[in-house]
Amino acid sequence: MTLPSPEELVTRLVPPQQGDPLLLGLRNLYIVPTRFGWLWLSGGGLLLIVAIQTQRNGPLLLSYLMLGLILLALHLTHFNLQGLELRCGEPAAGFAGTPLAYPLIARSRHRREGVQISWQPISGEGVAADPLMLTLRPGEQTLALPWIPPRRGWQRPGRLKLVSTAPLGLFRCWSRWEPPRAQLIYPRRLPGPVASLPVLRSASGSTSHSHWEQEGTEQWRDLRPHRPEDGSSRLAWKPFAQGRGQLTKQFSAEAGEPLCLAPAAGLPHELALEHLSERIWQLGHQEAIYGLELPGLRLEPDSGPSHRDACLRALATSP
């Protein structure tokens, strides 16, 4: 049985700091000697015992210097984090499974060297990232901390851990904090089949959906799961060779007709949303006109970045 280290024991017993902003001080900073610090302290104590036993001034002076230096390092390491203020920025939306930046605003009255910042996942979700070694300048600066969201929705990156061993490496000072502001995460982008509803224009120019689109043969537009009655002529051979299964090409008889996208039938809900996420992203780049229909929600066909973001937001928050 392995005994936990003092840092592990504090981590288990003391919950991380909550709220925004976070001001580091005596109540939320913890400090213990490092292994090198324990070795230094043991050496100083042993040298003091030798000096007392031998009645020699040289070892006695050296032991005082070593013990005095470790007391100085205790305060310097603690001061390297004490007084630092952190608050959340405005996180931009992004896709699940891709590296994103979570903004934090740091305010400091003086320069701070060797500050390590890392994310620790909550409830075992995600992977702990390697710590970033930063030097904080006096004043206010924005930190973009990378993380990879595992799933869609309003997500928080986890617990933030700040560590410093500067300047001498004799002590390790740390604190933990859970930034409260969530970041909107879109479904991961995965190519695949999506369903599409036709958009019919009325005499007044408004659009409506009346039936599933009749498939033509002028322009290949989409893929869907293959059915035996489709025949081999419409089988998408390239995806089949790539191991993506048997898919049937869908053709649009009316080029330039607006699309209304919907989750493909027969697929798991999360997988269908991921296919829609990729399709909306591609159509957004093509400046195409498209709409979106989800259970309980319908976005009329439109184009542009704001419409694309509205569709992706609907996918991200879909129940």
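Things worth noting here:
- Taken over segment 137-177, residues that are part of a loop (DSSP other than H, G, I, E, B), touching a residue at least 60 places away in the same chain (Cβ under 8 Å) and closer than 30 Å to Phe36 by Cα amount to 6.
- Residue match in segment 75-85 (condition: open to solvent by 30 Å² or more (accessible area, probe 1.4 Å) and either assigned to a strand (DSSP E or B) or farther than 21 Å from Arg172 by Cβ (or both)): yes
- Pairs meeting the criteria (first residue in segment 270-293 and touching a residue at least 60 places away in the same chain (Cβ under 8 Å), second residue open to solvent by 10 Å² or more (accessible area, probe 1.4 Å) and assigned to a helix (DSSP H, G or I), beta carbons under 8 Å, at least 6 apart or on different chains) are Trp281/Arg308.
- Residue within segment 108-123 that is touching a helix residue (DSSP H, G or I) at 6+ places or on another chain (Cβ under 8 Å), more than 18 Å from Ile185 (Cα to Cα), among the β-branched types (Val, Ile, Thr) and open to solvent by less than 50 Å² (accessible area, probe 1.4 Å) present: no
- Any hit, segment 55-65, residues being at positive phi and either open to solvent by 50 Å² or more (accessible area, probe 1.4 Å) or of a type in the set (D, E, K, R) (or both): yes
- The number of residues in segment 129-160 being open to solvent by 20 Å² or more (accessible area, probe 1.4 Å), within 15 Å of the chain's Cα centre (by Cα) and within 30 Å of Ala73 (Cβ to Cβ) comes to 5.
- Close pairs (7 angstrom Cβ cut-off, 6 or more residues apart or separate chains): acidic (Asp, Glu) in segment 247-265, at pLDDT 60 or above anywhere: Glu257/Val199
- Some residue of segment 16-32 being in a helix (DSSP H, G or I), open to solvent by 30 Å² or more (accessible area, probe 1.4 Å) and not hydroxyl-bearing (Ser, Thr, Tyr): no
- From Leu48, Leu71, residue being surrounded by fewer than 15 Cβ atoms within 10 Å (Cβ to Cβ) and assigned to a helix (DSSP H, G or I): Leu71
The values are calculated or read from the model by the stated rules, or taken from the named source; none is laboratory data. As the structure is a prediction and not an experimental result, all values here were calculated from the model. FYI the Cβ positions are ideal-geometry reconstructions off the backbone, even for glycines, and counts take in every protein chain you see. Heavy atoms of the whole protein, side chains included, go into the accessibility calculation; ligands, DNA and RNA do not. Shrake-Rupley method; radii C 1.70, N 1.55, O 1.52, S 1.80 Å.
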